[in-house]
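Novice: Pasting a structure here, questions to come.
The values are calculated or read from the model by the stated rules, or taken from the named source; none is laboratory data. As the structure is a computational prediction, the values presented were derived from the model and not from experiment. Methodologically, a virtual Cβ is constructed for each residue, glycine included, from the backbone with ideal geometry; neighbour enumeration extends over all protein chains shown.
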Amino acid sequence: MSHHTSEGSTMSTSDSTNYVKIFDTTLRDGEQSPGISLNAQEKLEIARQLERLGVDIIEAGFAIASPGEVKGIGLVAQHVRSCTIASLNRTQQADIDASWEALKDAESPRFHIFIATSDLHMEHKLRMTPDEVLEQTRDAITYARTKVSDIEFSCEDATRSRPEFMAEVVRTALAAGATTINIPDTVGYTTPIEYMEILQTLYANVPELHEATLSVHTHNDLGLATANSLAGVQAGARQVEVAINGIGERAGNSALEEVVMALRTRKAFYGFETGVETREIARSSRLVSRLSGYPVQPNKAIVGKNAFAHEAGIHQDGVLKNRRTYEIMDAESIGLAHNELVLGKHSGRHALQAAYAELGYVVEGEDLKRAFTRFKEIADRKKNISALDLEALLDDQSRETTERFVLERLALRTATGETSQAEVSVREGETVHTATGEGDGPIDAAFKALAEIAATTATLREFNVNAVTGGQDALGDVRVVLEQDGQTFTGQAVAPDITEAAAQAYLRAASLAAAGTPNPIVRETI
């Protein structure tokens, strides 16, 4: 596998009261977004980039979810050495044992243990009494401490919990050995001022909390996730739990790029710092978007393609005279360089390898041979290939090496007012299958033919097309989500022709559906 080079740890060892740890949950809470299912290699690719980005803690997954999750967390634990690696757990011994299996090779392992503390959750979800919650908290942390010393404890639905009871649970967790206490806004319900009051009350009720690290974890259901995270820091939290691009359950988590850049841009106001190398933010955003299949909205703060664009004439005039008139941040500070042209069809294998090395990827041996073949195929159809194209092609190639079905030929016939027809040939091992289909459009016709070959009854749930770069010859990046028996299967592909990319993405999703390999069944949120 090709991989990102690591430039060493940027994790601060400072115990300064103005240092805020960044706890990244892209690989756990972020992956719980509907339709996202990362395999072990994809988890590792993102984790390597998070290490390069300089986050302090990577929550790599929820080990008890599946054997595949244990494998993915384990791969991250083995190869990412300069970040703390965490795994989520309920207050059950089986969860903790699964996390230990996944984290046993980590340089710096952490168990993240949670239980609900609101009356609503205790009564209707857990069906437990407050005393039982206290007992499970104590027992789980005590057991976890026999394996690792770094224990984070979370009060699920904290912002709707009774302050007195939550204080009792936190006091119990600290006494049992928890070193970090997380107070999550699980359902995105609280507001910044209210959140500050909740945390200040907790400090008043549990003075010993000052000896531990207080953490905040916010959701964006009311669009307040980043504001709430920053309010938490102002109230004393020195760890913030975030996800790249703000992905996550429902409306998502607090976005890493928003929290980090707010603290950096308004440092004179907040007075805090992180260990994040902000020039890696744009690349991290692109990588997570590609591997998750979740495009970044154009007007997304910090990483949206319009974040540094100026349409209004008066704005353009001001920026030309002095960029600070309408830009509070420098685009280069997040690594958003111009999409310069890198290679063309006459470029050789060494030039391709050097271009990937400049982007931070090690591509060699058989990986380089396959990458060069794919590059030449695209270069014959696209005049110039940019850095973004190269990243997309490398990701597409990594998916290609593990797929069951490979598109050999796609022929389409379509005309206005007429039913579209498609003829497809698909290779499965040494066998080539051929089928035809009719539909309302060329892609619908192709999908029907491919469904016949893949022998799947899955229905199309999502179909998204995005351009990797601008211009008429931009590569099309297509994401397909199929649903079968209540389970979702995701496929993604890149090609100059969007119908070709759509067909390959459908085949990749159909391969998973045929094998019955959906997203993890067991999902928990804090």
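Novice: Can you pull out every residue in segment 47-68 that is assigned to a helix (DSSP H, G or I), under 14 Å from LEU27 (Cα atoms) and touching a helix residue (DSSP H, G or I) at 6+ places or on another chain (Cβ under 6 Å)?
Specialist: Passing the criteria: ALA47, GLN49, ALA63.
Novice: Let me ask something else. Looking at VAL55, VAL70, VAL148, can you tell me which residue is more than 17 Å from the chain's Cα centre (by Cα) and under 30 Å from ALA392 (Cα atoms)?
Specialist: VAL70
Novice: Condition first: under 21 Å from LEU291 (Cβ atoms) and of a type outside the set (D, E, K, R). Can you find one or more residues in segment 379-386 that meet it?
Specialist: Yes, segment 379-386 contains a residue that is under 21 Å from LEU291 (Cβ atoms) and of a type outside the set (D, E, K, R).
Novice: Here is a further query. Taking segment 70-101, which residues are within 23 Å of LEU53 (Cα to Cα) and either of a type in the set (Asp, Glu) or touching a strand residue (DSSP E or B) at 6+ places or on another chain (Cβ under 7 Å) (or both)?
Specialist: GLY72, ILE73, VAL76, ALA77, VAL80, CYS83, THR84, ILE85, ALA86, SER87, LEU88
Novice: Criterion first (touching a helix residue (DSSP H, G or I) at 6+ places or on another chain (Cβ under 7 Å) and touching a residue at least 24 places away in the same chain (Cβ under 8 Å)) does GLU249 satisfy it?
Specialist: yes
Novice: Separate question: Could you check ARG427 against (1) over 30 Å from GLN49 (Cα atoms); (2) under 27 Å from the mean Cα position of the chain (by Cα) and say which number it fails?
Specialist: Of everything listed in (1) over 30 Å from GLN49 (Cα atoms); (2) under 27 Å from the mean Cα position of the chain (by Cα), ARG427 misses just condition (2).
Novice: Could you list all residues from segment 468-503 that are in a strand (DSSP E or B) and not aliphatic (A, V, I, L, M)?
Specialist: Passing the criteria: GLY476, ASP477, ARG479, GLU483, GLN484, GLN487, THR488, PHE489, THR490, GLY491, GLN492.
Novice: Right, another one. Condition first: touching a Pro at 6+ places or on another chain (Cβ under 8 Å), farther than 26 Å from LEU359 by Cβ and not charged (D, E, K, R). Now tell me which residues in segment 38-86 satisfy that. Please lay out each step first, then the result.
Specialist: Applying the first criterion (touching a Pro at 6+ places or on another chain (Cβ under 8 Å)) to segment 38-86 yields 62, 65-66, 68-69, 77, 84-86.
When the remaining residues are screened for being farther than 26 Å from LEU359 by Cβ, the result is 62, 65-66, 68-69, 84, 86.
Of everything in segment 38-86, those that are touching a Pro at 6+ places or on another chain (Cβ under 8 Å), farther than 26 Å from LEU359 by Cβ and not charged (D, E, K, R) turn out to be PHE62, ALA65, SER66, GLY68, THR84, ALA86.
Novice: List pairs: first in segment 350-375 and under 26 Å from VAL406 (Cα atoms), second surrounded by fewer than 20 Cβ atoms within 10 Å (Cβ to Cβ) and basic (Lys, Arg), Cβ under 7 Å, 6+ apart or cross-chain?
Specialist: Close Cβ pairs (under 7 Å, with a partner that is surrounded by fewer than 20 Cβ atoms within 10 Å (Cβ to Cβ) and basic (Lys, Arg)) amount to LEU368/ARG349; PHE372/ARG349.
Novice: Residue check: is GLY248 more than 25 Å from GLU164 (Cα to Cα), assigned by TED's automatic domain parsing to the domain that holds GLY177 and of a type outside the set (D, E, K, R)?
Specialist: yes
Residues checked against (1) within 27 Å of ALA204 (Cβ to Cβ); (2) part of a helix (DSSP H, G or I):
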{"residue": "SER215", "(1), (2)": "yes, no"}
{"residue": "ASP221", "(1), (2)": "no, no"}
{"residue": "THR226", "(1), (2)": "yes, yes"}
{"residue": "ALA231", "(1), (2)": "yes, yes"}
{"residue": "ASN245", "(1), (2)": "no, yes"}
{"residue": "ALA251", "(1), (2)": "no, no"}
{"residue": "GLU257", "(1), (2)": "no, yes"}
{"residue": "VAL260", "(1), (2)": "no, yes"}
{"residue": "ALA282", "(1), (2)": "no, yes"}
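Novice: What single numbered condition from (1) crowded, with 17+ Cβ neighbours inside 10 Å; (2) without any contact (Cβ under 8 Å) to a residue 40 or more places away in the chain; (3) closer than 25 Å to GLU59 by Cβ fails to hold for ILE198?
Specialist: Result: ILE198 passes all but (2).
Novice: Taking segment 306-344 on its own, how many of its residues are surrounded by 14 or more Cβ atoms within 10 Å (Cβ to Cβ), modelled with pLDDT of 80 or more and of a type outside the set (A, V, I, L, M, F, W, C)? Full working, then the answer.
Specialist: Taking segment 306-344 as the starting set, the residues that turn out to be surrounded by 14 or more Cβ atoms within 10 Å (Cβ to Cβ) are 307-308, 310, 315, 318-319, 323, 326-327, 329, 331, 333-336, 339, 342-343.
Cutting the leftovers down to modelled with pLDDT of 80 or more gives us 307, 329, 331, 333-335, 343.
Pick out the ones that are also of a type outside the set (A, V, I, L, M, F, W, C) and you get 333, 335.
Residues meeting the conditions: 2.
Novice: Cβ contacts < 9 Å: first residue assigned by TED's automatic domain parsing to the domain that holds ASP497 and crowded, with 16+ Cβ neighbours inside 10 Å, restricted to segment 462-480; second residue β-branched (Val, Ile, Thr) and part of a loop (DSSP other than H, G, I, E, B), any location; separation 6+ or different chain. Result?
Specialist: Here the result reads ALA474/VAL468; LEU475/VAL468; LEU475/THR469; GLY476/VAL468; ASP477/VAL468, each pair linking segment 462-480 to a residue that is β-branched (Val, Ile, Thr) and part of a loop (DSSP other than H, G, I, E, B).
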